[in-house]
C-alpha cells in the first residue's frame, strides 16, 4: 500500500495512492461512508503508523469496500505533503561505503587544490588522517539526529540558506518505524519497519565543511528550513519486499546525474536499528535515512546545484521525489 499525506479541500488527509499513481482515496472519508463515523487510525499519518498492522488492515478493508462505490480523486487537484510532516524523531546514517570513499576523496582533493602549498597540504592531511573514511565506519553504523522541524515534501521549493554558496543534493532511502522497541535483535529488526520512502538530505556543503572540525556532527550544513525533503509517499514494507535490490537514480533538470542500487549498502537497516536501540527506545513514527548511495551526491562529482535546478530522486518501487532549489534573493 502507498500512503500519502495530502492537502485537499477537506483539509489535511491521509490517502492511499492508486496503482496508477495518478489518483488517491481519502481513507477517512471512505471510512465515514462505510461505517458512518471517522476512525482514530486515519486522523493523521502518525496515527495510522502508530496503529501499525491494525491500522493497515482497516485501511485495506476500506479500500476494498470503496472500489466501485467511491470515485478516486486525481492527485493533480491536491498538494502532496511530506508523508509525516513532523516525524517523532529523525536520524540519518552513513551506510554506503562508495559514497564515503568518493565524497572524502573529492573533499580532500578540493582542499589540496585550494591550498597555497598543495604538497604540504596533502602531507598534513595524510599525517593527521583528515578527510578520509573514518575507521569507525567499518566498526559500527554511524548516524546523527536531525531537526525534525526542517522537513519538506514533494514539489516544495527548497530555499537556499543565505549563509551558503554551495548547495548539494543527497539520494537516500528512508524508513519509518511502525513497531516500537528497545534492544531490538538484528534478526528481528525488519519487523519494526513500517514502510519505505525517498529522502533528499539537502546539504549546504560549505557550511558542512566548516563544521566538520568541531567534532559534533552536522548543524547548519543540514538543518536549514525545508532541507530534509521526504516523499512522495510511504510504501509499506510488504509491498517493497526486498529493500536491498532497488535501483536509485538522481536527475537534475531531467538529465541523469547519478545512479546506484540499494544492494551496495554496507550497513543494512537491521544493523542500524540494532545499534540505535541499544539501551534506547525506538518509537513509532521515527524516520531513519540510509545515508547517500554511491554516486548520489554532487560532492562526489564536484558538480553542485544552481538556482532554479529541479532535483528528481527516483527509487524503484517507490516513485519520484521532486524539488526545486531557489536562492532567496532570486525566489520572489
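Out of all the residues in segment 52-75, which are in contact (Cβ under 8 Å) with a residue 24 or more places away in the chain and not in a helix (DSSP H, G or I)? 69, 70, 72, 73, 74 - these are the residues of segment 52-75 that are in contact (Cβ under 8 Å) with a residue 24 or more places away in the chain and not in a helix (DSSP H, G or I). Once segment 1-10 is narrowed to residues that are assigned to a strand (DSSP E or B) and modelled with pLDDT of 95 or more, the residue that is farthest from residue 240 (Cα to Cα) is 7. On inspection, residue 245 qualifies as farther than 25 Å from residue 5 by Cα and in contact with a helix residue (DSSP H, G or I) (Cβ under 7 Å, 6 or more places away or on another chain).
What is the residue count in segment 190-224 for residues that are touching a residue at least 60 places away in the same chain (Cβ under 8 Å), over 15 Å from the mean Cα position of the chain (by Cα), within 19 Å of residue 271 (Cβ to Cβ) and surrounded by fewer than 22 Cβ atoms within 10 Å (Cβ to Cβ)? So the count comes out to 1.
Residue-by-condition table, conditions (1) touching a strand residue (DSSP E or B) at 6+ places or on another chain (Cβ under 8 Å); (2) modelled with pLDDT under 95:
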position	(1), (2)
21	yes, yes
24	yes, no
29	yes, no
55	no, no
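Keeping to segment 121-144, report how many residues are at negative phi and not in a helix (DSSP H, G or I). Of the residues in segment 121-144, 10 are at negative phi and not in a helix (DSSP H, G or I). The set of residues in segment 257-267 being outside any strand (DSSP E or B) and surrounded by fewer than 19 Cβ atoms within 10 Å (Cβ to Cβ) consists of 263, 264, 266. The single residue among 174, 178 that is over 27 Å from residue 251 (Cα atoms) and modelled with pLDDT of 95 or more turns out to be 178.
Which residues, taken from segment 76-94, are closer than 30 Å to residue 264 by Cβ and either assigned to a loop (DSSP other than H, G, I, E, B) or touching a helix residue (DSSP H, G or I) at 6+ places or on another chain (Cβ under 8 Å) (or both)?
82, 83, 84, 87, 88, 89, 91, 93, 94
The values are calculated or read from the model by the stated rules, or taken from the named source; none is laboratory data. Note that the structure is a prediction, hence the values are computed from the model and not measured. Every residue, glycine among them, receives a Cβ derived from its backbone with ideal geometry; neighbour counts consider all protein chains shown.
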